[in-house]
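Presented below is the structure to which this report refers.
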Amino acid sequence: MAKVTIDGISIEVPDGTTILQAARMIGGDIVPPTMCYHSKLKTSGGYCRTCIVKVSKGSEKDPRPMPKPVASCRTTVMDGMEVQNLTSPDLLEARAGVVEFLLINHPLDCPVCDQAGECDLQNLAYENGKAGTRYEFQRREFERIDIGDKIQLHMNRCILCYRCVKTADQVTDGRVHGVINRGDVAEISTYIQNAIDNDFSGNMIDVCPVGALTDKTFRFKSRVWYTKPMDAHRNCTKCSGKVRLWYKGEEVLRVTGRRDQFGEVTDWICNECRFDKKKTSDWTIEGPAHIDRDSVVSANHYESLKALKADIDRQRNSLPHGQKVTLGHGALDPNNQ
Ligand code: SF4
Ligand code: FES
């Protein structure tokens, strides 16, 4: 075991744990943001640098600080290591620099982007970004490409995190796309634009942290914050069948995989569940989806209303006839979580 201290909070973790995993075990605001790391994808991480932290003490044996910020998703802890994230102004400045680099080519077209409202880069830019840009050169521009009939690639928005490549490699059989070229001409391509056509290709949409890969069956149908996420399942022979349905009124606008509190997909789902099952009758509804992260998309107030109703029912049943229940201040406010 190794003892690591992150922003003044200590935890003992098994040897081989990364700083990021240790921070996630502690939880809360000290967890560094991630764009390219995904816990379900082997060898992911190490591309985007948003998860950088400052190692102010290397270990008990060698207490020298590390000379520059390190990627927490790729650096394993040492016994006695001390790490700074939010408590280091230098580190926050460095992360703002990373965000500035990520935004060099990424257009700020959030008002017309389907990913708006659930985009990791939008959140990161809001929290760490600068109001202006110092970049004076021509930005990279690409035509939109249809990858098969259900997925569209808008390369202008791609931050080259490699998540979709690793998903195609590890979740689907027979990857036909990847990153071609290097440096500022690197791009995601299917090479001679082969259509990606296999049962699990839709998962690439879910892992894309920005709006580069989007679901063509959902494009421009609604802003995500007007939709209501519900967890649902069905008996599926190809995947777990555990999904999230996004409703607008009675209509299911899209089906996605479920995500954990770090925004990472928990179950890979097949294209049949994702693209072909868009009727409520196809699914067994479990209830409002719990969204852990800060997000404009949250159905959590329905959960609190459910808990409130249960509370009122409980009190009503145990109160003498005619006695009224007094609700706490703001108890019926749907935004009160
Ligand atoms: S298309 Fe999306 S998932 Fe693929 S490398 Fe670009 S940003 Fe990452
Ligand atoms: S999340 Fe660690 S480098 Fe991208």
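Scan the stretch 192-294 for GluC sites (Glu not before Pro) in coil per DSSP, keeping those whose Cβ has at most 13 other Cβ atoms within 10 Å, and list them by number. Passing both the DSSP loop test and the Cβ count: E250. In this structure, the amide hydrogen of A2, modeled 1.01 Å from its nitrogen in the peptide plane, lies closer than 5 angstrom to those of V13, D15, counting only residues at least 5 positions away or on a different chain. From the alpha carbon centroid of the stretch 224-250 to that of the stretch 1-74 is 33 Å. For the listed residue pairs K238/K277; K150/K221; K3/K54; K166/K228, the alpha carbons are over 23 angstrom apart in K166/K228. Rounded to the nearest whole Hz, the Karplus-based 3J(HN,Hα) values (6.51 cos²θ - 1.76 cosθ + 1.60, θ = phi - 60°) of the stretch 237-252 follow the sequence 7, 9, 9, 5, x, 9, 9, 10, 9, 10, 8, 10, x, 8, 8, 7, with x at glycine and proline. By the Kirkwood approach, averaging reciprocal distances over each pair of separate Cα atoms, the chain gets a hydrodynamic radius of 22.1 Å.
What are the aspartates and glutamates whose alpha-carbon lies under 19 Å from the alpha-carbon of K309, with same-chain residues fewer than 8 places away excluded? Leaving aside aspartates and glutamates fewer than 8 places away in the same chain, those within reach of K309 are E286, D333. Applied to the stretch 8-25, the Karplus parametrisation 6.51 cos²θ - 1.76 cosθ + 1.60 on θ = phi - 60° returns per-residue 3J(HN,Hα) values of x, 9, 9, 8, 9, 10, x, 4, x, 5, 7, 4, 4, 4, 4, 5, 5, 5 Hz, with x for Gly and Pro. Over the chain, Cα pairs under 8 Å with separation of 6+ residues give a relative contact order of 12 percent.
The aspartates and glutamates within cross-link reach of K40, meaning a Cα-to-Cα straight distance under 12 Å and a gap of 8 or more places when in the same chain, are D260, E264, D267. Could you pull out which residues in the stretch 211-242 have an amide N less than 20 Å from a spot 7 Å beyond the Cα of D146, following the Cα-Cβ vector? Residues 212-222 qualify, since their backbone N sits under 20 Å from the label point.
In this entry, the stretch 1-137 is assigned a mean projected area of 9.4 nm², taken as a quarter of its C-alpha convex hull surface. Close amide H contacts of C73 (hydrogens built in the peptide plane, cut-off under 5 Å, sequence separation of 5 or more or a different chain): L20.
Grab the DSSP H runs of the chain that are 4 residues or longer, score each as -39,500 (n - 2.57), total them, divide by all residues and round the 222 nm result to the nearest 500 deg cm²/dmol. Intermediate results must be reported in sequence, preceding the final value.
Details: 6 runs with 66 residues, N = 337.
That comes out to -6000 deg cm²/dmol.
Taking R0 as 30 Å, what's the FRET efficiency between K68 and H290 from their Cβ-Cβ distance, rounded to 0.05? Could you put the intermediate results ahead of the total?
Numbers: r = 38 Å, r/R0 = 1.27.
With a Förster radius of 30 Å, E is 0.20.
In terms of overall dimensions, the stretch 224-288 has a Cα radius of gyration and Dmax of 10.9, 32 angstrom. Taking amide H atoms as placed 1.01 Å from N in the peptide plane, the amide H of E286 lies under 5 Å from those of D231, A232, H233, each 5 or more residues away in sequence or on another chain.
Where in the chain lies the longest segment free of chymotrypsin sites (Phe, Trp or Tyr not before Pro) that are both loop residues by DSSP (not H, G, I, E, B) and have at most 11 other Cβ atoms within 10 Å?
Values: sites that count: F137, Y191, F220.
The reported range is 1-136.
For the stretch 88-147, trypsin sites (Lys or Arg not before Pro) meeting the loop criterion (DSSP other than H, G, I, E, B) and having at most 15 other Cβ atoms within 10 Å: K130, R134, R139, R144. Cross-link candidates for K216: which aspartates and glutamates have Cα within less than 19 Å, leaving aside residues fewer than 8 places away along the same chain? List returned: D109, D114, E118, E143, D146, D149, D197, D199, D206, E251, E272, D276. For the stretch 186-295, the relative contact order comes to 28 percent (Cα pairs under 8 Å, sequence separation of at least 6).
Bear in mind these aren't lab numbers, they're just calculated from the coordinates by the rules spelled out. What you see is a predicted model, and the numbers here were worked out from it, not measured in a lab. Positions of Cβ are backbone-derived with ideal geometry, glycine not excepted, and every protein chain shown enters the neighbour counts.
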